[in-house]
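A short reminder: the numbers here are calculations on the coordinates, not readings from a lab. Keep in mind that what you see is a predicted model, and the values were worked out from it rather than measured. Cβ sites come from the backbone with ideal geometry, for glycine too, and all protein chains shown count toward neighbours.
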Amino acid sequence: MAIAHVLLTEGLWYKDFVGDFSDGENRFVAGQSVAEETFEEKHTNGIVKWWNLELKDKTPDWAAKITDLPVEQIKRVAIGYGHAAPHAISWLGGGPCMQVRGAYASMAVHALNGIVGAVDNVGGTQQSNKEYTGHFPKPDDFMDEIAKEGKKHGKIDHRGRLEFPALNGGKSGGGVVTNNAADGILNADPNEIKMAIGYMNNFTFSCPQPERWERALAKIPFLVHITTNASEFSWFADILLPDTHHIAEKWGYVKTIGNGYRHVTLMQPVVEPVWEYKIDETEIPWLIAEKLAERGFSNLLDHYKTYKDPETGKEPTNEKEFALYALKYATQNLWDPAKYKGGDKFNGWKDFLKAGVWNSDPYPYRKKWGNMKTKTKKFEFYSETLKEALEKHAEKHNTTVDNVLEVCNYQARGEMAFVPHYEEPFIAGDEKEFPFIHVDHKSRLNREGRSANCTWYYDFKDVDPGDVPWHKCLGSIWQVLSL
């Protein structure tokens, strides 16, 4: 917030993107409100409203007392960032947003990109071109009444409840609240989980307060885990199924972004299997469907047979064909010349398989200026998009936005709910009794909790400060000493 304050008071906003005062005079003066009609915005929405609500008092002196950073350093960084505009970036990592009050922290980090015109611009945050993978066949015609009723059940992670808006795409409950699923399981709320299949996950390692997950998994009567490396989660499994490794043992694809390009990379089996292991998302579901069909429930298998080979029209007859046909079905728009939409062009499946990757056309910078995925079609400093989403969530629960914020432990009230702003860290427990704030350690080698059970993880563990290969405990000791 202090950096944003300096950028505006020093006149360092990017005028080609943000706009300017109609008479060219900078009215952003510390402590003083500004009349909204004096500023003519271009591709942004609500910068003056944001200033009046939040920024006018958020000086470097204010921030220095909270952050312990020198005032001059805050000013120097802000001015240097402003002079680099628009080829600058304010990058959001996991730390600011993965916390109780992280939503507004993440908005604040990204808002700096808007001020300096770094959104959808060279050197700044970027969109990418479309990739054209397709959707799988819908299962609706194969769902019986039990399944249809089951879809209406409340989610075990409580997404969409008053206290968990989980807004995604403006929809209440559109996101997930993974770590809260443990509480849902423990309390049988909204229902009791009697059987579960987990694959390539390790919540008992990667989630805060993992002992909750230990109790939750121990409570599930029948648990299956599909994984390449046995993990903390695996200890609670009644059946442990070996998974294929994505590098060289399975059919699949990965979508990635880099420098405005979109890439769709094929995963394909290139080694002979040594033991019996199956692909988590295709082969194992097919085998389950076959067993259900033997018992008179053919719905799932009948649905899977609609995943036909786009080249031959042939239905899959076994799990290996299903895995291949599903991949060909999903990627047909990329390799079928008759369905070409852009990017690399192939002469069929074999050509795509040999190349191993599809690349989009280069992304045209500033393509989204004036056509962003917001309610106003602009970069929103005052977010009409968030306002509408919060109001719909409040209406869903017959309450007010202020009450939603209170229940969710946010400090904002009124119009502050719709602008980036500073929120004090949410503290659990008595600060006098334990005057530290815990920030959970993430190794540079970690991707969620999967990698921690690979031998290579410990072989390369010296990339983290204080660590030595094969000495698992040293990272924790380093943390304690640093406190």
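Any chance you could run the full-extension gain for residue 388 through residue 188? It's 0.36 nm times the residue separation minus the Cα-Cα distance, nm to one decimal. All intermediate terms of the calculation are to be shown ahead of the outcome.
Values: separation 200, 0.36 × 200 = 72.00 nm, distance 3.23 nm.
Here the answer is 68.8 nm.
Is there a pair in 155/375; 138/314; 15/341 whose C-alpha atoms are over 25 Å apart, and which pairs would that be?
Values: 155/375 28 Å; 138/314 18 Å; 15/341 36 Å.
Beyond 25 Å: 155/375; 15/341.
If the chain between residue 321 and residue 353 were fully stretched, how many nm would it gain, using 0.36 nm times the residue separation less the Cα-Cα distance? Don't jump to the answer; show the numbers that get you there.
Values: separation 32, 0.36 × 32 = 11.52 nm, distance 1.58 nm.
That works out to 9.9 nm of additional length.
Quick check on the exposure proxy: order 317, 376, 244 from fewest to most C-beta atoms within 10 angstrom.
317, 376, 244
How large is the charge dipole for the chain, taken about the Cα centre, if only the Cβ atoms of Lys, Arg (+1) and Asp, Glu (-1) carry charge, to the nearest 20 debye? Please list the in-between numbers first.
Values: 57 positive and 68 negative charges, 202 e Å.
Charge dipole, the chain, about its Cα centre: 980 debye, nearest 20.
Show me 355-367, 174-186 ranked by packing, highest mean number of other Cβ atoms within 10 Å first.
So the peptides 355-367, 174-186, ranked by packing, come out 174-186, 355-367.
Rounded to the nearest Å, what's the spacing between the alpha carbon centres of segment 277-350 and segment 372-386? Just the number, please.
39 Å
So, by mean Cβ neighbours within 10 angstrom, what's the order for 42-52, 456-466 with the highest one leading?
Numbers: 42-52: 22.2, 456-466: 14.1.
So the order, starting with the most tightly packed, is 42-52, 456-466.
What value, in deg cm²/dmol to 500, does the helix sum -39500 (n - 2.57) over DSSP H runs of n ≥ 4 give at 222 nm once divided by the residues of the chain? Write out the running numbers ahead of the final one.
Working: 19 runs with 160 residues, N = 483.
-9000 deg cm²/dmol, from helical runs alone.
Restricting to Cα pairs below 8 Å that are 6+ residues apart, what does the relative contact order work out to for the chain? Please round to a whole percent. Working shown, then result.
On the way: 755 pairs, mean separation 75.4, N = 483.
Value for the chain: 16 percent.
Report ³J(HN,Hα) in whole Hz for each residue of segment 189-200, in order, from the Karplus equation J = 6.51 cos²θ - 1.76 cosθ + 1.60 where θ = phi - 60°; Gly and Pro get x.
10, x, 8, 8, 8, 9, 8, 9, 10, x, 9, 6
May I ask you to sort 112, 55 by Cβ crowding, counting other Cβ atoms within 10 Å and putting the fewest first?
Working: 112 23, 55 26.
Ascending number of Cβ neighbours within 10 Å: 112, 55.
Once the Cα atoms of the chain are picked out, what are the Rg and Dmax in Å?
According to the Cα coordinates of the chain, Rg and Dmax are 26.0, 78 Å.
In terms of the Cα gyration tensor, with a ≥ b ≥ c the square roots of its eigenvalues, is segment 157-238 rounded because a/c is under 1.5, prolate because a/b exceeds b/c, or oblate? Don't skip to the end; give the middle numbers.
Details: a/c = 2.09, a/b = 1.66, b/c = 1.26.
It is prolate, given that a/c is not under 1.5 and a/b is the larger ratio.
So if we plug the beta-carbon distance of residue 455 and residue 65 into 1/(1 + (r/R0)^6) with R0 = 60 Å, what FRET efficiency do we get, rounded to 0.05?
0.80
Using a 10 Å cut-off on Cβ atoms, rank the peptides 85-91, 159-165 from the highest mean neighbour count down. Display every interim value, and only then the final one.
Details: 85-91: 17.7, 159-165: 20.0.
Highest to lowest by the protection proxy: 159-165, 85-91.
Under a plain spin-label model, where a point goes 7 Å from the Cα along Cα-to-Cβ, how far apart in nm are residue 77 and residue 293?
6.0 nm
How charged is the neighbourhood of residue 215? Take every other residue with its Cβ under 15 Å from the Cβ of residue 215, and add Lys/Arg as +1 and Asp/Glu as -1. Could you put the intermediate results ahead of the total?
Values: positive: 212, 219; negative: 183, 189, 192, 211, 214, 232.
In short, -4.
State the Cα centre-to-centre distance between segment 82-134 and segment 406-425 in whole Å.
About 20 Å separates the Cα centre of segment 82-134 from the one of segment 406-425.
Relative to 2.2 N^0.38 Å, what does the C-alpha radius of gyration of segment 1-151 come to as a ratio? Two decimals please.
Values: Rg = 20.9 Å, N = 151, 2.2 N^0.38 = 14.8 Å.
Ratio of Rg to 2.2 N^0.38 Å for segment 1-151: 1.41.
Across segment 127-138, in residue order, what do the Karplus-derived ³J(HN,Hα) couplings come to in whole Hz, using 6.51 cos²θ - 1.76 cosθ + 1.60 with θ = phi - 60° and x for Gly and Pro?
Running phi through 6.51 cos²θ - 1.76 cosθ + 1.60 with θ = phi - 60° gives 7, 8, 5, 5, 10, 10, 5, x, 8, 6, x, 6 Hz.
What net charge do the residues around residue 242 carry, taking every other residue with its C-beta under 13 Å from that of residue 242, with Lys and Arg at +1 and Asp and Glu at -1? Please list the in-between numbers first.
Details: positive: 250, 278; negative: 243, 249, 276, 280, 283.
Net local charge, residue 242 excluded: -3.
Using a cut-off of 12 Å between beta-carbons, work out the net charge of the residues near residue 177 (Lys and Arg +1, Asp and Glu -1, residue 177 not included).
Details: positive: 155, 159, 161; negative: 157, 163, 183.
Once all neighbours under 12 Å are counted, the net charge is 0.
With θ taken as phi - 60° and the coefficients 6.51, -1.76 and 1.60, list the Karplus ³J(HN,Hα) couplings across segment 284-293 in order, rounded to whole Hz; mark glycine and proline as x.
Along segment 284-293, the couplings run 5, x, 4, 5, 5, 4, 4, 5, 5, 5 Hz.
Given a Förster distance of 41 Å, report the FRET efficiency between residue 272 and residue 238 from their Cβ-Cβ distance, rounded to the nearest 0.05. Please list the in-between numbers first.
Details: r = 30 Å, r/R0 = 0.73.
Computed FRET efficiency for residue 272 and residue 238 comes out at 0.85.
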